[in-house]
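Visitor: Just dropping this structure here.
Quick note: the coordinates plus some simple rules give every number you see, no bench work behind them. These figures come from a predicted structure and were not determined experimentally. Using ideal geometry, Cβ is built from the backbone for each residue, glycine included, and neighbour counts are taken over all protein chains shown.
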Amino acid sequence: MVVLGVAQALVLVLLAALLDDFTVDGLWGALLMVAALSVLNAFVWPFVIRVTFRLVLWTVGLFTFVLNAAFIAIAADPIPGVDVSSAWTALAIALVLTFVNIVVGGALNVDGDHVWRSKVAHRVIKKTDPPEPTDVPGFLFVQIDGLGHDVLSEAMASGDAPFLSRLVSSGTHSMHRWECDLSSQTGAMQAGILLGDNHNMPAFRWYEKDTGRIMVTNRPKDASDLEERQSSGDGLLVGGGASRANVFTGDTDDAMFTFSAVTDKSLSRDRFLYVVATPYALFRIILLMVTDIFREKRAARRAIKDGVQPLGHRGGIYPLLRAATTVGLAEITWAVLVADLARGVPSAYVDLVGYDEVAHHSGIRAPDALATLRRTDAQLERLLTTLPMAPRPYHIVVLSDHGQTQGATFEDRYGETLDAVVQRLASSGVTAPVLAEEGWNNVNGFLSDAAGDPSTLGKAVKAVTKRQTSDGEVKIGPDTQNTVEVDDEGVIVLASGNLGLVSFTEIPGRATRQQIERTHPGLVEGVRRHPGVGLVLIRDEVDGDVVLGPDGSHRLTDDHVEGVDPLNFFGPNVADHLRRTSSFDNCPDLLINSFYDPEADEGAAFEPLIGFHGGLGGEQSRPFILAPAGLAQPTEPLVGARSIHDLFKSWLRQTQGDRTSEAHA
């Protein structure tokens, strides 16, 4: 702390020589100013931020700069020989000192990431009952969203995931590959992992004929309803666990940034304010977000200059959404997670979405996607340095919920979207509902959760987002449709990665091939013959469930194949996955998967994403688990999210006993 203070004082002396409106009478005056700032930050800032947080939110954090400049002026005023005569000069000094804190403090391990998070943890613990020390190990489940098994293996070899590589090479963890269900996306996988049931979840978003409702798994109201459907009360986190930045709670009452719980006012949300309890903390998050925006802009220009193909859509609001999810949400989540460990929670599950978000737009092996992975790897290593403060030992489990496959989008390849193809072939109007991108839903979920916090911060968020709030859910960004109004003879087309879902509203229940051909002659043939389509799942009145391909078909009832099997190249379990999805009550009338080229390892998303998941083909279906070596290792292939749930529950029972009865008690 002394070295950091001297460094700040030296910088103040240098700034006094460079800035006309700033005067410091030697090193002693600069040291006094640093001391005055420390006192203000420790005792005055927490009160000021409570009073002014509404302004901070209204200005998207910019008012923080005003507060920091004011603190600079106040600290300088009573010190002889120190004078700040310009507000702009005070702001410049505040920016420079924050940068010094980040760089010098981080190098000295004085005010770096893990030390800052430790301070957050101590602030939380002081407000709660002291934890009881125990020898019973807890579990920290860290999900690196969207990271495929093979991409991680390559990253370990190339030095892009050095900490995870050391976990395996040191023998403390073993690496396993598992296989997703269909659909390969976070909502369905977390329902299976956290709740033990992802039945009737055919995609990331789907249309339900009986209610006329479009379900989107990371939209808070839908996630809440889905958890009510899927939960048995014996989820992975039952009995005192903590859910952080997930879709579902895992049957715990302690959930933050969890979509299914953000509108539940009965849950505790009292830790937001601790994260921004110092000017350095809030200023630091804002600066890191700004840095990430510039990082994305630079990476996008480099990709264009180098002629990278495929080239993702990276303009508009995307850089800000990326910074909000990969930096803002991540920083707060890490800090709260440190507090969870310090409290000694028996289990915690966190989803880190940074790599997934960047890979969607940059590519799964793009330099900036791997740079995001390196930062996540380093953050995880720093997180574990706080374990000695925990009142219990912890098993660390690292996993992904799915991978990603890459390729130019369907629209870029063929000049039309999937709904345009269906519109061209259909005999009636086609509706492609307006739905927010996944990044917008992440931001809305965070704001909805914050607005439910009873603290001053939560009240400020609630006030700022009042006009954008409906039924406790904040909705900013593009207008989204929860229900759709279509003609009596309408068609609805939805997309989840490279999985397309087509529903014919004029046909009640599951439409058959014969019914579709009578009402829309040539549509089924036109879709199956499209060069961007790999397979179409449809129900036939004679043959039952059939998978159609460009040059053949596969009957799922007895695996009879005519012509070229459309299931080639999609994996040995693809028929079982399709049979399971076809059994769902809300399986679409046409389930369309893009082509997959195994030699190029490419497919085509029906959304504007070059790294995608949700369907079949390639790395998207092959996530990983880094399992602690001291626990029973899987001996059979891990297929489906339920198999991961069962594995994790067996570890919890092995080390902690059955916590279900304790939770119900």
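Visitor: Would you mind computing, in nm to one decimal, how far apart the modelled labels at Phe47 and Ala87 are, each placed 7 Å from Cα along Cα→Cβ?
Guide: So the label points at Phe47 and Ala87 sit 2.3 nm apart.
Visitor: List, in order, the whole-Hz ³J(HN,Hα) value for each residue of segment 600-607 obtained from phi through the Karplus relation with A = 6.51, B = -1.76, C = 1.60 and θ = phi - 60°; use x for Gly and Pro.
Guide: My calculation for segment 600-607 gives 7, 6, 9, x, 8, 6, 7, 10 Hz in order.
Visitor: Rounded to the nearest 0.05, what FRET efficiency do Arg529 and Thr291 have when you use their Cβ-Cβ distance and R0 = 56 Å? If you can, show how the numbers build up before the last one.
Guide: On the way: r = 48 Å, r/R0 = 0.87.
Efficiency, rounded to the nearest 0.05: 0.70.
Visitor: Decide, for segment 131-188, between rounded, prolate and oblate: order the square roots of the alpha carbon gyration tensor eigenvalues as a ≥ b ≥ c, take rounded if a/c falls under 1.5, and otherwise choose prolate if a/b is larger than b/c, else oblate.
Guide: On the way: a/c = 2.46, a/b = 1.23, b/c = 2.00.
Cα axes put segment 131-188 in the oblate bin.
Visitor: Further question on the same structure: Tell me which residues come under 5 Å, amide H to amide H, from Leu19 once H is placed; ignore anything under 5 positions away on its chain.
Guide: Correct list: empty.
Visitor: Quick one: putting +1 on the C-beta of Lys and Arg, -1 on the C-beta of Asp and Glu, what dipole do you get for segment 273-405 around its Cα centre, in Debye to the nearest 20? Write out the running numbers ahead of the final one.
Guide: Values: 15 positive and 12 negative charges, 94 e Å.
For segment 273-405, the charge dipole is close to 460 debye.
Visitor: Starting from the Cα-Cα distance between Ala157 and Glu517, subtract it from 0.36 nm times their residue separation and give me the gain in nm to one decimal.
Guide: Working: separation 360, 0.36 × 360 = 129.60 nm, distance 5.21 nm.
Length gained between Ala157 and Glu517: 124.4 nm.
Visitor: Can you give the FRET efficiency for His560 and Phe584, using 1/(1 + (r/R0)^6), R0 = 25 Å, r = Cβ-Cβ distance, to the nearest 0.05? Present the calculation step by step, with values, prior to reporting the outcome.
Guide: Details: r = 23 Å, r/R0 = 0.91.
According to the calculation, E is roughly 0.65.
Visitor: So how far apart, in nm, are the two label points at Val3 and Trp28 if each is 7 Å from Cα heading toward Cβ?
Guide: 2.7 nm
Visitor: Would you mind calculating the gained length between Ser650 and Glu506 on full extension (0.36 nm times residue separation, minus the Cα-Cα distance), in nm to one decimal? Could the numbers behind the result be given before it?
Guide: Numbers: separation 144, 0.36 × 144 = 51.84 nm, distance 4.67 nm.
Gain on extension, Ser650 to Glu506, equals 47.2 nm.
Visitor: Oh, and also: In percent, what relative contact order does segment 304-417 have, based on Cα pairs under 8 Å that are 6 or more apart in sequence?
Guide: Numbers: 70 pairs, mean separation 34.4, N = 114.
RCO, segment 304-417: 30 percent.
Visitor: Let's see if you can work this out: charge +1 on each Lys and Arg Cβ, -1 on each Asp and Glu Cβ, no other charges. What is the dipole magnitude of segment 561-625 about its Cα centre, in debye to the nearest 20? Mind showing how you got there, number by number?
Guide: Numbers: 3 positive and 11 negative charges, 54 e Å.
My answer is approximately 260 debye.
Visitor: Sticking with this one: Could you give the distance between the Cα centres of segment 295-320 and segment 352-427, to the whole Å?
Guide: A separation of 16 Å, based on Cα centres.
Visitor: Take the alpha-carbon centre of segment 608-655, take the same for segment 485-553, and report the distance between them in whole Å.
Guide: Computed from Cα coordinates, the inter-centre distance equals 31 Å.
Visitor: Within a Cβ distance under 14 Å of Ser165, other residues only, what is the Lys/Arg minus Asp/Glu net charge?
Guide: Taking every other residue near Ser165 into account, the sum is -2.
Visitor: Where does the charge balance sit around Leu12 when Lys and Arg score +1, Asp and Glu -1, over other residues with C-beta under 14 Å from its C-beta?
Guide: Working: positive: none; negative: Asp21, Asp25, Asp83.
Local charge sum for Leu12: -3.
Visitor: A further question follows. Could you tell me which of Met389, Gly415, Ser400 has its Cα farthest along the dipole of segment 370-428 towards the positive end, charges placed at Cβ (Lys, Arg +1; Asp, Glu -1), taken about the Cα centre?
Guide: Toward the positive end, the furthest listed residue is Met389.
Visitor: If you plug each phi of segment 155-170 into the Karplus form 6.51 cos²θ - 1.76 cosθ + 1.60 with θ = phi - 60°, what whole-Hz ³J(HN,Hα) values come out, in order, with x for Gly and Pro?
Guide: 5, 4, 6, 8, x, 8, 9, x, 5, 4, 4, 5, 4, 6, 5, 7
Visitor: Report, by chain and number, residues whose modeled amide H sits under 5 Å from the one on Ala161, excluding near sequence neighbours (fewer than 5 apart, same chain).
Guide: Those lying under 5 Å, H to H, from Ala161 are Met156.
Visitor: Arrange the peptides 213-223, 648-658 so that the one whose residues have, on average, the most other Cβ atoms within 10 Å appears first. Don't jump to the answer; show the numbers that get you there.
Guide: Working: 213-223: 24.0, 648-658: 16.5.
Packing proxy ranking, top to bottom: 213-223, 648-658.
Visitor: In what sequence, highest mean first, do 617-628, 24-35 appear when ranked by Cβ atoms within 10 angstrom? Mind showing how you got there, number by number?
Guide: Values: 617-628: 24.5, 24-35: 18.4.
Going by the mean number of other Cβ atoms within 10 Å, highest first, we get 617-628, 24-35.
Visitor: Calculate the FRET efficiency for Leu18 and Lys305 from the Cβ-Cβ distance with a Förster distance of 41 Å, rounded to the nearest 0.05.
Guide: Numbers: r = 35 Å, r/R0 = 0.84.
The pair Leu18/Lys305 has a calculated efficiency of 0.75.
Visitor: Between Ala408 and residues 5 or more places away or on another chain, which pairs have amide H atoms under 5 Å apart, with H built 1.01 Å from N, and which residues are they?
Guide: Residues meeting the criterion, in which the H sits 1.01 Å from N, do not exist here.
Visitor: For segment 528-586, rounded, prolate or oblate, judged on the Cα gyration tensor with a ≥ b ≥ c (square roots of eigenvalues), a/c < 1.5 rounded, else prolate if a/b > b/c?
Guide: Working: a/c = 1.40, a/b = 1.31, b/c = 1.07.
Because its axes are fairly even, with a/c under 1.5, segment 528-586 counts as rounded.
Visitor: Using each residue's phi in segment 136-147, evaluate 6.51 cos²θ - 1.76 cosθ + 1.60 at θ = phi - 60° and report the 3J(HN,Hα) Karplus result to the nearest Hz, with x for Gly and Pro.
Guide: Karplus-based 3J(HN,Hα) across segment 136-147 equals 6, x, x, 10, 10, 9, 10, 9, 8, 4, x, 8 Hz.
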